[in-house]
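Submitted below is the structure of interest, expressed as structure tokens.
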Amino acid sequence: MIHIEEAIELLRNGEVVAFPTETVYGLGADAWNPSAVKKVFDIKGRPADNPLIVHLASREMAGGFAAEIPETARTLMDRYWPGPLTLIFKKKPEVLDLITGGLDTVALRWPNHPLSQELIFRAGPLVAPSANKSGRPSPTKAEHVLEDFGENFPVIDGGTTQIGLESTVLDVSEKPCTIYRPGYIGKKEIEKTTGEEVKIGESTPPDETRSPGTRYSHYAPNARVRWLEENEQGYSEDTLYLVHSRRRNMESEHDNLISYRENYERMANELYDRFRQADHDGYKSIAVEQLPVKDQNHGIVQALRNRISKAIGG
Ligand code: TXA
Ligand code: MG
């Protein structure tokens, strides 16, 4: 674990450090230093065609990367920045191709966490994918980062992250705006703010080339994740059960049955830690109660569905 002063020093020297945001921990590097950005891909084991989000600490910083900021984007920035909303813009030519994986767009986000704000304000814009090895669950605690990258890895400890799932990724470079990755800020909420229709782009094939990250298997522990069958009877000792509906909660909690009682924010906050913990505890599988598809009002419910489906392999 390192102090913020040490982190700034390392970043200025082209090194990579992990830091907390309100969503998950990020693996940060100077967005203007090609060798530092390259290190992020190497350390994570990330495919070169999966672009990175540039993290900012002010709206002015966006001007260094976005070629144009459409009116709709301004409205969203006013409302949600700093916060868990990543916006995709047409990029300026000087933005490193390494960051964007050759796309003509760049993803920008201003995280709302005091430590990340200070770090980026002082060290400059940082590329920062989630601070996990590719394919592993994103880190919501500093300990998770050390688990993936070794106990001496430089990480600023900010405790448990507040939201626990990655930011909403919204393409504002074309109309209609398209959600590539659902997050805490949901479709309905964005539509209400902009007064425009928002498309869900995630699972349709053309969008896989638009947002390459959606193509790769993600967020998976070693235990096999599956949906709990509607009428599944009996419990198996080697399975961890995660349930959320009131009906399922008629049954009492055991060590291997966690009830969220419709508290989806808590479920989101704990999900990746439960995944990692299940491996430590030796569970062979994790059975999660299916989440409602229709409830578009809750960004977090859609985000949970998405991350669990990805962990299952869908
Ligand atoms: O909450 C978060 O967003 C966290 C924290 C650290 O800020 N970061 C994060 O980064 O989740 P990462 O690299 O794990 O996920 C970035 C996602 C990927 O799915 C990637 O494909 C997509 O954003 N993305 C990045 N740039 C893009 C672009 N220009 N066009 C489309 N999708 C893009
Ligand atoms: Mg990630």
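The values are calculated or read from the model by the stated rules, or taken from the named source; none is laboratory data. Because the structure is a prediction, the values reported are computed rather than measured. Ideal geometry is used to build each Cβ from the backbone, glycine not excepted, and the neighbour counts take in all protein chains shown.
Do you know which residues across region 133-169 are part of a loop (DSSP other than H, G, I, E, B) and in contact with a strand residue (DSSP E or B) (Cβ under 8 Å, 6 or more places away or on another chain)?
Initially, region 133-169 is screened for residues part of a loop (DSSP other than H, G, I, E, B), giving 133-141, 150-154, 156-167.
Passing the criteria: 138, 139, 153, 154, 156, 158, 166, 167.
Quick check, is residue 100 farther than 20 Å from residue 7 by Cβ, out of contact with any Asp or Glu (no Cβ under 8 Å at 6 or more places or on another chain) and buried (at least 24 other Cβ atoms within 10 Å of the Cβ)?
Details: farther than 20 Å from residue 7 by Cβ: yes; out of contact with any Asp or Glu (no Cβ under 8 Å at 6 or more places or on another chain): yes; buried (at least 24 other Cβ atoms within 10 Å of the Cβ): no.
No: the conditions fail for residue 100.
With the checklist (1) near ligand 1 (Cβ under 10 Å from one of its atoms); (2) surrounded by 21 or more Cβ atoms within 10 Å (Cβ to Cβ) in hand, flag the one item residue 29 doesn't pass.
(1)
If you go through region 39-52 one residue at a time, do you hit one that is of a type in the set (Gly, Ala, Ser), closer than 20 Å to residue 137 by Cα and free of Cβ contacts under 8 Å to residues at least 60 places away in the same chain? Working first, answer last.
If we filter region 39-52 for residues that are of a type in the set (Gly, Ala, Ser), which is where we start, we get 45, 48.
With the extra rule that they be closer than 20 Å to residue 137 by Cα, the set shrinks to 45, 48.
Narrowing further to those that are free of Cβ contacts under 8 Å to residues at least 60 places away in the same chain: 48.
Yes, region 39-52 has at least one match.
Output the residues belonging to region 92-104 that are under 12 Å from residue 31 (Cβ atoms) and either modelled with pLDDT under 95 or within 6 Å of ligand 1 (Cβ to nearest atom) (or both).
If the condition is that a residue be under 12 Å from residue 31 (Cβ atoms) and either modelled with pLDDT under 95 or within 6 Å of ligand 1 (Cβ to nearest atom) (or both), then 100 is the only one that fits.
Next question, about the same structure. Do the conditions hold for residue 112, that is, is it at pLDDT 95 or above, under 18 Å from the mean Cα position of the chain (by Cα) and in a loop (DSSP other than H, G, I, E, B)?
Values: at pLDDT 95 or above: yes; under 18 Å from the mean Cα position of the chain (by Cα): yes; in a loop (DSSP other than H, G, I, E, B): yes.
Yes: the conditions hold for residue 112.
Within region 7-37, work out how many residues are part of a loop (DSSP other than H, G, I, E, B) and within 16 Å of ligand 2 (Cβ to nearest atom). Before you say what the answer is, go through the steps one by one.
So in region 7-37, the residues part of a loop (DSSP other than H, G, I, E, B) come out as 13-16, 20-25, 31-33.
If we keep only those that are within 16 Å of ligand 2 (Cβ to nearest atom) as well, we get 16, 20-25.
So the answer is 7.
Can you find even one residue in region 189-196 that is at pLDDT below 95 and surrounded by 19 or more Cβ atoms within 10 Å (Cβ to Cβ)?
Within region 189-196, none of the residues are at pLDDT below 95 and surrounded by 19 or more Cβ atoms within 10 Å (Cβ to Cβ).
Give the residues of region 35-58 that are out of contact with any Asp or Glu (no Cβ under 9 Å at 6 or more places or on another chain) and surrounded by fewer than 18 Cβ atoms within 10 Å (Cβ to Cβ), sorted by residue number.
35, 38, 42, 45, 47, 48, 49, 50, 58
Rundown of residues vs (1) within 10 Å of ligand 1 (Cβ to nearest atom); (2) outside any loop (DSSP other than H, G, I, E, B), yes/no style:
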site: 40; (1), (2): yes, yes
site: 43; (1), (2): no, yes
site: 68; (1), (2): no, no
site: 74; (1), (2): no, yes
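Among what's in region 86-107 and is within 16 Å of ligand 2 (Cβ to nearest atom) and part of a strand (DSSP E or B), pick the residue that is nearest to residue 49 (Cα to Cα).
So, considering only residues that are within 16 Å of ligand 2 (Cβ to nearest atom) and part of a strand (DSSP E or B), the one nearest to residue 49 (Cα to Cα) is 107.
Name the single residue, out of those in region 105-145 being free of Cβ contacts under 8 Å to residues at least 60 places away in the same chain and away from ligand 1 (no atom under 11 Å from the Cβ), that is surrounded by the fewest Cβ atoms within 10 Å (Cβ to Cβ).
Step one: of region 105-145, the residues free of Cβ contacts under 8 Å to residues at least 60 places away in the same chain are 106, 108-110, 114, 143.
Pick out the ones that are also away from ligand 1 (no atom under 11 Å from the Cβ) and you get 114, 143.
Working: 114: 10, 143: 15.
Result: 114.
Tally time: how many residues in region 70-80 are surrounded by fewer than 19 Cβ atoms within 10 Å (Cβ to Cβ) and under 23 Å from the mean Cα position of the chain (by Cα)? Give the derivation first.
Residues of region 70-80 that are surrounded by fewer than 19 Cβ atoms within 10 Å (Cβ to Cβ), as a first pass: 70-71, 74-75, 78-79.
The next check asks that each one be under 23 Å from the mean Cα position of the chain (by Cα); those that pass are 74-75, 78-79.
The number of residues fulfilling the criteria is 4.
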